[in-house]
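Notes to accompany the following structure.
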Amino acid sequence: MSSCRSCKIEIKGDWDACPLCRNPVKKSQVSEPSPFPDIPLRFQRNLAIRILTFISLTLVALSFLVDRIRPLKINLPVLVAFGAISMWAIVASIISKRRNIAKSIVYQVAILSILAVFWDYYLGWIGWSLDYAIPILCISAMTAMFIANRVVKLKAGDYLLYLLIGAVMGLIPFLFLVFGWVIHQIPSMLSIFLSLVMIAAIVIFQGREILLELQKRMHV
């Protein structure tokens, strides 16, 4: 059995860090088995890689064939290749952050926002990435986090900070409005409004939990 000096608790099992505050624990000479079963999160990594590789190569080959038969104004093979790279980046993010739904959503919003700006720029800047894509991604992320919390019943430590980060990310369209980068302002305004409502709700109803979580992660 181990003990945590910060939390003043005894911990069963072979732990190197306190499961509450993540500080190093003081281990006793007698080791006890953990009362919690070790259930790994399994997925078929090799199968996922093979599927992605097959899809990527097929799409690139088809793009060369289409470009050969009917050339377009854009470089279709390069466009498809970047699309395949984008697909790999998204799937890799999902797999690497699969144990934390809220963190995975935040990473997805960041990746998809960058990809949206890139595609908008590559295809000839129209501004759809700032007008629609990023605000809609932020709104969808906040909605998805709220639903995931209600459906999956996530622990506070697994979603609170990322919910707050997602809400702050939803304020990014405010910069688009300030600098006049958008033509259609309604999506950005909706994202800002939902972000402010979400931040207010988090601070009012779960502000104490946020402070406790920050203290645990910063080892205060």
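The values are calculated or read from the model by the stated rules, or taken from the named source; none is laboratory data. All figures in this text were calculated on a predicted structure; none of them were measured in a lab. Cβ: placed from backbone, ideal geometry, glycine included. Neighbour counts: every protein chain shown. We work out accessible area using only protein heavy atoms, side chains counted, and drop any ligands, DNA or RNA first. Shrake-Rupley method; radii C 1.70, N 1.55, O 1.52, S 1.80 Å.
Restricting to the stretch 37-75, what's the tally of residues that are surrounded by 10 or more Cβ atoms within 10 Å (Cβ to Cβ) and modelled with pLDDT of 80 or more? Qualifying residue count, the stretch 37-75: 18. Scanning the stretch 76-104 for residues being modelled with pLDDT of 75 or more and of a type in the set (S, T, N, Q) gives a total of 1. In the stretch 142-159, is there at least one residue being open to solvent by less than 80 Å² (accessible area, probe 1.4 Å), at pLDDT 90 or above and in a helix (DSSP H, G or I)? Checked the stretch 142-159: no residue is open to solvent by less than 80 Å² (accessible area, probe 1.4 Å), at pLDDT 90 or above and in a helix (DSSP H, G or I). Here is a check on your reading of the model: is Ile134 open to solvent by less than 80 Å² (accessible area, probe 1.4 Å), of a type in the set (Val, Ile, Thr) and at pLDDT below 75? Spelling it out, it is not the case that Ile134 is open to solvent by less than 80 Å² (accessible area, probe 1.4 Å), of a type in the set (Val, Ile, Thr) and at pLDDT below 75. May I ask you to list the residues in the stretch 163-218 that are closer than 30 Å to Trp125 by Cβ, open to solvent by less than 50 Å² (accessible area, probe 1.4 Å) and among the β-branched types (Val, Ile, Thr)? Val182, Ile192, listed by residue number. Annotation note: Cβ proximity below 6 Å between a residue of the stretch 109-133 that is more than 20 Å from Met87 (Cα to Cα) and a residue that is surrounded by 14 or more Cβ atoms within 10 Å (Cβ to Cβ) and of a type in the set (A, V, I, L, M) (sequence gap 6+ or interchain) occurs for Leu130/Val182; Asp131/Val182.
Among the residues of the stretch 1-36, the ones that are part of a loop (DSSP other than H, G, I, E, B), at pLDDT 65 or above and of a type in the set (D, E, K, R) come to 6 in all.
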